[in-house]
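Asks: I have a structure I would like to understand better, so I am pasting it below and will then ask my questions one at a time.
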Amino acid sequence: MAGYSKIYCIGGEGGFLGADGMNPIDFQILVGDAGRQWLEVRYFNRDIKPMGRVKVIIPAGPDHPNALIDACIAFFPEYFESCSSLTEVSETLGSISRIDFHLDGEPPGWGQLREEVRPLFKYLVIYKAELQKVNGVEQSMSGWHFFGEDDDHDYDRAEHEDPYAQWEKKQAHRRRTRRANRRNSV
């Protein structure tokens, strides 16, 4: 099974010099783990465009030290437009949707571009969050209970279907209904 383990948020400083965290969030980089690790982008600022059609990068290895800088180059090239090799590397990549550093190695000119980018990269505002499940987990703080795990609320998962699973079933039903309606209208 594959799943996300980490999120990087890239945007602006919230409050005075970031005293209030991050605001706005321009885009997120989700880190997924399975047989290989991958990084994919989710944009909130619609003015930001990736290099070509790149939506995913696969680093040379799990938690590779260049993974984040490579993802920022691929997902936010406009920030690095002053780098002389950016245009050439972008043209070399064309309209690919995935850069695989693990199986394919670095694209031509990428190493040079990465070195040109480093001085600018350190000024990006980046926050990182490790994803940890919080519901249904015992807390070490006394008095804290989650979702019916206290003495007053008898909640047995075997008797109740997971609300997210219910939502997924509704979404699947809606998709099937829309497809059927489209077929019937033709």
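None of the figures in this text is laboratory data; all of them are computed from the coordinates on show. In this text, all values refer to a predicted model and were calculated from it rather than measured experimentally. Quick reminder, even Gly has a Cβ in these numbers, built from the backbone with ideal geometry, and neighbours come from all protein chains shown.
Asks: Name the long-range amide H neighbours of M51: under 5 Å, sequence gap of 5 or more, or other chain; modelled H, no Pro or chain starts.
Replies: F75, F76
Asks: So between S5 and Q112, what do we pick up on full extension, going 0.36 nm a residue minus the alpha carbon distance?
Replies: Numbers: separation 107, 0.36 × 107 = 38.52 nm, distance 2.98 nm.
Here the answer is 35.5 nm.
Asks: On a straight-distance basis, which lysines could pair with K133 in a cross-link, Cα separation under 19 angstrom, same-chain partners fewer than 8 positions away excluded?
Replies: K6
Asks: Compute the distance in nm between two label points, each set 7 Å from the Cα along the Cα-to-Cβ direction, one at T177 and one at E81.
Replies: 4.5 nm
Asks: Still on this model: Obtain the nm distance between the two label points defined at N66 and D33 by a simple spin-label model: each point lies 7 Å from its Cα along the Cα-to-C-beta direction.
Replies: That separation, rounded to one decimal, is 2.3 nm.
Asks: Right, another one. Roughly how many Å is it from the Cα centre of region 84-127 to that of region 26-58, as a whole number?
Replies: That distance is 13 Å.
Asks: At I48 and E91, where each label point lies 7 Å from the Cα along Cα→Cβ, what is the point-to-point distance in nanometres?
Replies: If labels sit at I48 and E91, their model points lie 2.7 nm apart.
Asks: Within the set K49/K169; K55/K128; K128/K170, which residue pairs have Cα atoms separated by over 27 Å? Present the calculation step by step, with values, prior to reporting the outcome.
Replies: Numbers: K49/K169 33 Å; K55/K128 19 Å; K128/K170 33 Å.
Where the Cα-Cα span goes over 27 Å, the pairs concerned are K49/K169; K128/K170.
Asks: Using a 10 Å cut-off around each Cβ, can you sort S5, S85, S95 from fewest to most neighbouring Cβ atoms? If you can, show how the numbers build up before the last one.
Replies: Working: S5 14, S85 19, S95 7.
Placing the least packed residue first, the sequence is S95, S5, S85.
Asks: Hey, what do the phi angles of region 104-115 turn into as Karplus ³J(HN,Hα) couplings, whole Hz, using 6.51/-1.76/1.60 and θ = phi - 60°, x for Gly and Pro?
Replies: 9, x, 6, x, x, x, 5, x, 5, 4, 4, 5
Asks: Can you give the percent of C-alpha pairs in region 3-130 whose distance is more than 20 Å?
Replies: Working: 3405 of 8128 pairs.
Here the tail beyond 20 Å accounts for 42 percent of pairs.
Asks: Can you check what the net charge comes to around G14, using other residues whose Cβ is under 15 Å from the Cβ of G14 (Lys, Arg +1; Asp, Glu -1)?
Replies: Values: positive: none; negative: E13, D20, D26.
Residues near G14 contribute -3 overall.
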